[in-house]
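The values are calculated or read from the model by the stated rules, or taken from the named source; none is laboratory data. All figures in this text were calculated on a predicted structure; none of them were measured in a lab. All Cβ positions, even for glycine, are placed from backbone atoms using ideal geometry, and neighbour counts span all protein chains on display.
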Amino acid sequence: MEIQGKIIQVLPVQEGTSKATGNPWKVQAYVLETLDQYPRKVHFEIFGEDRIKSNPCNIDDLVTVSFDIESREFNGRWYTSIRAWRVQPGIVEASAAQPGQSAPQPAAAPSAAAAPMGGMGAANVEVFDGSASDEGTDLPF
């Protein structure tokens, strides 16, 4: 999975030694804010000294984060972590525009005939386009 946004916080590195193997470990945590109309804050971690060094992040960096989500149960409670395995600088667009072109515009909503719902077909489906007047409708407002 991927998420894009701006790094708004760099948390302190956590270090320790594995009880099972005795190997040292490091985890670097960050907080990213999405660039959506309603921004969300997402806490993610990079595990391992090599990955931390190869994926540097600073406050105000615009990044694309590739990650895995994992949930674990402990004493009847569930904990979820977002573990990044790659952080790319900049925002990667799904369909990158050629140099000199503007960003692609969102596509118009498909018509009811072109997009059957859940395999039920397009029979008796009306699409409201906002152009009709409110007179003669059975809407409560």
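To keep it simple, each residue is scored yes or no on (1) exposed (fewer than 11 other Cβ atoms within 10 Å of the Cβ); (2) over 13 Å from the mean Cα position of the chain (by Cα); (3) modelled with pLDDT under 95; (4) in a strand (DSSP E or B).
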{"position": "Q9", "(1), (2), (3), (4)": "no, yes, no, yes"}
{"position": "A29", "(1), (2), (3), (4)": "no, yes, no, yes"}
{"position": "F44", "(1), (2), (3), (4)": "no, no, no, yes"}
{"position": "I59", "(1), (2), (3), (4)": "no, yes, no, no"}
{"position": "T64", "(1), (2), (3), (4)": "no, no, no, yes"}
{"position": "I69", "(1), (2), (3), (4)": "yes, no, no, yes"}
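Residue by residue, here is whether (1) within 17 Å of S81 (Cβ to Cβ); (2) of a type in the set (D, E) holds:
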{"position": "K26", "(1), (2)": "yes, no"}
{"position": "V31", "(1), (2)": "yes, no"}
{"position": "L35", "(1), (2)": "no, no"}
{"position": "P39", "(1), (2)": "no, no"}
{"position": "F47", "(1), (2)": "yes, no"}
{"position": "R51", "(1), (2)": "yes, no"}
{"position": "S54", "(1), (2)": "no, no"}
{"position": "D60", "(1), (2)": "no, yes"}
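Whenever a residue of region 45-62 is closer than 16 Å to P12 by Cβ, its partners that are outside any helix (DSSP H, G or I) and of a type in the set (G, A, S), lying with C-beta atoms within less than 6 angstrom and at least six residues away or across chains, give the pairs E45/A29; I46/A84. Apart from one condition, K19 fits all of (1) without any contact (Cβ under 8 Å) to a residue 40 or more places away in the chain; (2) closer than 17 Å to I91 by Cβ; the exception is (2). For region 31-42, filtering for residues that are without any contact (Cβ under 8 Å) to a residue 40 or more places away in the chain and assigned to a loop (DSSP other than H, G, I, E, B) leaves 5.
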